[in-house]
Every structure is written in C-alpha cells, then in structure tokens.
Amino acid sequence: MSMIPNSGDRISSDESEGAFNEYIEDQLQNLVDGILTDGDMQEFGQRGSDLIIEMDDIQPPTFTYGDDGQGGGGGGGGPGGEGGKMSFSVPFEKIMELISQRLGLPDLKKEGRGKIKEVSYEFKTFGQMGVILDKKRTFRRAMKTSVGMGTYQPDLGKYDIQFRRKDRRYKLPERVEKPKYKAVVFYMGDISYSTYGERLELEKRMVQFIHNWLDYNYGPRNVEHRFFVHDMEAHEVQPEDFYRVSNAGGTRAAMVFDLVGQIATNEYNTSTTNFYGFYFGDGELFADDAKEIVEILENQLRPIFNRIGVVEVQPSRSSHLNTQIATRFKRDKVIRLGQLKHKKDTLDVIKILFGAK
C-alpha cells in the first residue's frame, strides 16, 4: 500500500516512519470498521478511484539534526499541526482487499467457466542464445563491430563484415497475459409505484458495492455493467435512470429476467463470459409472475450465470418472490436470495450474495 501525505514534509527516520505508518494503518482499519459497521458504501467514492482520507490532529515527529542536538530543527508546522488535517490517497484495491478479507469473500476470478486472461507467447525480447536468429539485429551488431575493428571501411576499400558469436541475436518468446473475456453484470430493478424513498437508497448502496466488488475482482476495464428496469414492461436504461421511479402502476418482473436472458444468449459467448445478475424489488408479484421467473431462472439463466442474486428490499407481508424461488433452488450455489430491510442488513446480504457455500 502506498499512502503519501499530500504535504511536502517527509519522515527520514526509518524507525519513526515505521511507527507513523503503523498509526496510519490503524486509522485505515478504523475506516474499514466504520464502513462495515454502518453498512455505508458511500466511502468508496467514484468507480475504481483512490480514496482521499483526511485525518485530524496528527502531529508528525520532530527531528533534530547536527551534533549535540544543535543544527537545523526538523519540527514545526507539519501536516496535522495546529489542529490541521493530513490527507492520504489510499488505493481503491487496498480498501476492497481489506473489506473482502474482513467479510471472508472469495476470489471471484476462480469462479465460472470464463477465462479472465489469455496467455500467449510473443517474440518481444532478444538474446545471444536461442533458436530463431534475428537476421536484421545480428547484421546491425556485426556492422558496428566490423566498423569498430576497422574491417569495414568503404572509404579505404574495406568491405569485410565479420559475424562473431557475440553479435548474434535470437528472438526469445515472452509470456504475455492479455484480458480476454469480460464479466458482464446485469442489474434489474422494479420501478413500479411501490418502490420509492428508502428502498431506492438501500438499492443504491447495494448496487454500489456490487459494482466496486466486481470491478475489483476482474478489473474495471474487463467488466461491463448494464442496467434494466421494469414495471409492466422491461427496458434497458442508463445507470442514472436505474433509480427513477415510474408511476405507471402494476408490475411484471418475469419480463426483465427474460430480457436479460435473451441479451446474454444473443450478444455474448455464453461458454466463456462470466455473467452476474442481480434483481431488486419489494417481492410483491402475482403468483403466476413468480412462477414464470422460476422457470426462466432454471431454463435460461442458471445454466450460464456465475451468480444470480434476488434481493427483496423492504418486503411487505404479501411478498413471496423469494419464497417461491427458494422452493426450487434451496441452498443453491448460483442463485442467492436475500432480504434488505434496513441499512444494517447490507453486509449480511453481501455475504449471502458473494460468500462461498
């Protein structure tokens, strides 16, 4: 972890610097504790970006230089002095690593059928020993050697180019890992009239964690995040439109599951892509709608998805979506069910969605 104070002051004593870094590490652990205790994911900041953390009342060590304590003093108004603040830039990956360790979340790159990186060998380096001779490089080096030895001097009528063993250059293969298959995440949300207010805030917090967690595992450039909403119809929308409430009334959730299944099958290579799907709603569906969702999960989504999470957000007494799904997929490795009633439930639901079973 590289955490560098924004101030220009630096600690030159190895012992003091070690103690100071330990203090910062403790502060970072306290930050993680706060995130996990409150279930508040707002601390993550922008997608994949470093976190800027401000700490109050940090008094840096004072150093004295010269003999017998005389000479230039290293003390003074450093970062944190006189009630100021010290700011640190903490890598996004470090925060996610600490949180995943604390929650016991698995490394998702080990899951699913798709490969994250393609390994190939390219001739990008050159050496004095090998199988494939690089004629151009060998000739250029032999030319330089011959000029230096005086055997090649066109002005004097000398055109002898000597190829010595040390001039030979061979192409050497280098192992190269390149991103090959992306993970695709489908977020599905119920925007019917019954989903509003605190429910949307709980969804935002959960979606933000999922977004960051999968980016952390696969790398932001390897993950495609797609958003879908439904009331009586299903549509793909921009991320900022995912939380907008519709007043059309009524809801039909099976349509959005079917739409996601069609897109996954028609737009991606199902044998290599890592699919993740997460549905958020209050669970208030017609019985035949829930039954149709179960069929879509079993026949279309479960065979090709790494993980499917169905989260009932502040479910009412009449909600029964998860109940019907659980009847068919009890203790399933792919399909996970959770209930998000309060902010404090956020971490429990995260463990359900991503924990190893």
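Worth a mention:
- Subset of K182/K341; K135/K158; K94/K171; K182/K343 violating a 27 Å alpha-carbon distance limit: K182/K341; K94/K171; K182/K343
- Built amide H within the under 5 Å cut-off of H320, gap 5+: L285
- Given charges at beta-carbon only (K, R positive; D, E negative), |dipole| of the stretch 183-354 in Debye: 780 debye
- Per residue, the convex hull around the alpha carbon atoms of the stretch 183-354 comes to 107 Å³.
- Tensor-based shape of the stretch 282-357 (alpha-carbon gyration tensor, a/c under 1.5 rounded, otherwise prolate or oblate): oblate
- Simple label model, 7 Å out from Cα along Cβ direction - I132 to Q162, nm: 3.1 nm
- Scanning residues 5 or more positions from I335 or on other chains, those with amide H under 5 Å from its amide H are I308, with H placed 1.01 Å from N in the peptide plane.
- Here r is the Cβ-Cβ distance between T270 and K333 and R0 is 25 Å; the resulting FRET efficiency, rounded to 0.05, is 0.90.
- Taking the stretch 183-354 and dividing mean pair separation by its residue count, relative contact order in percent (alpha carbons under 8 Å, at least six apart): 24 percent
Only the coordinates and a few stated rules stand behind these numbers; no lab work does. On a predicted model such as this, the values are computed, not experimentally measured, just so you know. Counting neighbours? That spans all protein chains shown, and the Cβs are built from the backbone with ideal geometry, glycine included.
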